[in-house]
1. Quick one: which of TYR65, TYR57, TYR11 is surrounded by fewer than 16 Cβ atoms within 10 Å (Cβ to Cβ), within 27 Å of LYS313 (Cα to Cα) and hydroxyl-bearing (Ser, Thr, Tyr)?
2. Which residues, taken from segment 45-58, are acidic (Asp, Glu) and touching a residue at least 60 places away in the same chain (Cβ under 8 Å)?
3. In segment 14-29, what count of residues is obtained for those that are surrounded by 12 or more Cβ atoms within 10 Å (Cβ to Cβ) and part of a helix (DSSP H, G or I)?
4. Test of understanding: among ARG62, ARG68, ARG90, which residue is farther than 21 Å from LEU19 by Cβ, among the basic types (Lys, Arg) and either without any contact (Cβ under 8 Å) to a residue 12 or more places away in the chain or not assigned by TED's automatic domain parsing to the domain that holds ALA162 (or both)?
5. So ALA268 clears everything in (1) crowded, with 18+ Cβ neighbours inside 10 Å; (2) assigned to a helix (DSSP H, G or I) except one condition, right? Which one?
6. If GLN139 meets every condition in (1) in a helix (DSSP H, G or I); (2) surrounded by fewer than 17 Cβ atoms within 10 Å (Cβ to Cβ) apart from one, which number is that one?
7. Here is a list: LEU298, LEU280, LEU310, LEU251. Which entry is touching a Ser or Thr at 6+ places or on another chain (Cβ under 8 Å), buried (at least 19 other Cβ atoms within 10 Å of the Cβ) and on the phi < 0 side of the Ramachandran plot?
8. Which pairs turn up if I take residues in segment 188-211 that are in the same structural domain as ALA146 (by TED's automatic domain parsing) and at pLDDT 85 or above and look for partners that are among the charged types (D, E, K, R) and in a loop (DSSP other than H, G, I, E, B) with beta carbon separation below 6 Å, at least 6 apart in sequence or on another chain?
Amino acid sequence: MTEFTVTGIRYQIIDGVSLEERTAAAERYLAGLVKGQPVILVAEPDNPIDANAIAVYIDYERIGYINREETDELRHLLNEFHQCDGVVERTDGHITLFISVPNVSENTRSQVARPRLLPESPLGDNVRMPFAKPENALQLIASRLAVMETDKDNVHEVIRLAERYVPLLKLSVCHDDTFWLNRIGKKLHGMVSKGKELGLGEEDTAKLADLNNKVRAASGDMHRTIEHWPERIFVNHLDRLRNDGNINSHLYKKYCDTFLDGKTFEQADKAKMSAELERLRDWLKDLKWSEMRDPSNLLAMGNKADYLGLSRKELYDLYSVLLLIEQLEAALKTETKNPIDQSGDNIPEVLATSPLWEKVKQAGLVDDGGQPTVSRPEAALMADALAHRLGISNKWKVFEKMWHRNNMRGDYNTALNQRKSLEFQDELKNILD
C-alpha cells in the first residue's frame, strides 16, 4: 500500500462562500470520514489548469486532488479508464486528507486513444474549458457501472449506482456517453432476467426493472427522428455552460489574456476582435461537415455532433468556440456609449416611456446604457416580467435585439431550474408591483 496526499478539499465541497467558511466546512467534512472508507481516483488529462491532475472522489462526489508532486508516482496504478481505487487512511486534523492505494500495476492496461474527428482547437492548449461537475460525475459513474461485475454480493451496489446514473444520462451526448449507455443498458437487462439468481426481493426487482426501463427509453430517445434528443441535449448543455459563472469566467479570462492582449471584451480593440471572430468562424467553416459550420443553427450542429460521436474533449472544444463567438459578436455590436437612454431608438417606445423601465434602472438591474447588470437567467426573467406587464409581443426577439443576446428562451428555461434565479423572480415582482 502507498499513501498519497489529498489537497484542495475546501475548494471542492462548497461554493460561493468565504475562505474561512470553506476551511470550516472542509474541517467538518474530514472529521466525518472514517479509516478504510472507499475512494476513487480519476485522472483528468483535459484539466485546463493541470493536465496531470488526479481527482479524488468519495461516494462519487469529487472532494479534492492528489498533491501534484505525487501524481507521477500514482499514475502507473491507474487502469485503462484512468481510474483506481483507494481507501481513507487519516487526516492532519485540519484540511488535508491522506489515502492509500494498493499496488495493482500488474493488472493495468494502456488505454488506446481515439483519433480526433475535429481539427485541433483554434484556442490552443492554454485556453481550455474544464468539464462541468455533472459531466465529471457522469463519466465516473457510467464507466464504473458499465464494467462492474454483478453477483449476489454487490448487486445492491450496482442498483444504487444505477440510481445515481439515470438522472445524469441525458446531461451530455458524445462518444463516451453513448458508449456507456449501451453497455449499461445491456447490463441492467441481463440483471432483470437473473433477478432470482441474484437473490433480489420483490422491491429490489421492481426497482431494477424501473431503472432498466428508463435506460432503455433513453437509448431509444437517442435515435428518435422527431424532437431528436441529441439535438436538444446539445443545446441544453450549451445553455448550462453559458450560464456557469465558474466555467465561463475561466474560459473568457484565459482567452482574453491569450488573444486580446489581456483586455476584456469591453476594452479590447475592435479590429482585433473582428479578426478573432473571423478566425473562429473560419475554424467552423473549415470543418468537412456542412451542418457544423453555422453557429446560428445549433440544432443541426447538435444532430451532426452526435452522429459523428465526438469525444468529450472535442465537444468542449466546439462549445468553447461557440461561446467565444457569441461574446465577440455581442461586444462588436455594443458601442462604447450605448444610445439607448439618449434616443430610445433601440428599445420599444412602450418600454422606453414606461415607469417600469425607470424602476428597473433605479433598482440597478440595468446600467446607464440599458444593458442588464444581472446574470443571463435573471435577465431573461426580467424580460419576461416586463413583456407580460406591458403587452410586448415576440418578447425574446425584442429583448435579444436590445441586449445583443442569443437564445434568451434557453436562458429563461435555465432560470426556472435555478433556485437563486427564482428568488430573484420574487425580488423582481416586488420592484415592479
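1. None of the other options fit; the residue is TYR11.
2. ASP46
3. So the answer is 8.
4. On the way: ARG62 fails: farther than 21 Å from LEU19 by Cβ; ARG68 fails: farther than 21 Å from LEU19 by Cβ.
None of the others qualify; the one that does is ARG90.
5. Of (1) crowded, with 18+ Cβ neighbours inside 10 Å; (2) assigned to a helix (DSSP H, G or I), only one is false for ALA268: (2).
6. Every condition holds for GLN139 apart from (2).
7. Only one candidate qualifies: LEU251.
8. Pairs that qualify, where the first residue is in the same structural domain as ALA146 (by TED's automatic domain parsing) and at pLDDT 85 or above and the partner is among the charged types (D, E, K, R) and in a loop (DSSP other than H, G, I, E, B), are LEU198/LYS152; GLY199/LYS152.
The values are calculated or read from the model by the stated rules, or taken from the named source; none is laboratory data. Treat the numbers as computed from the prediction; the structure is a model and nothing was measured. Virtual Cβ from ideal backbone geometry, glycine too; neighbours counted across all protein chains shown.
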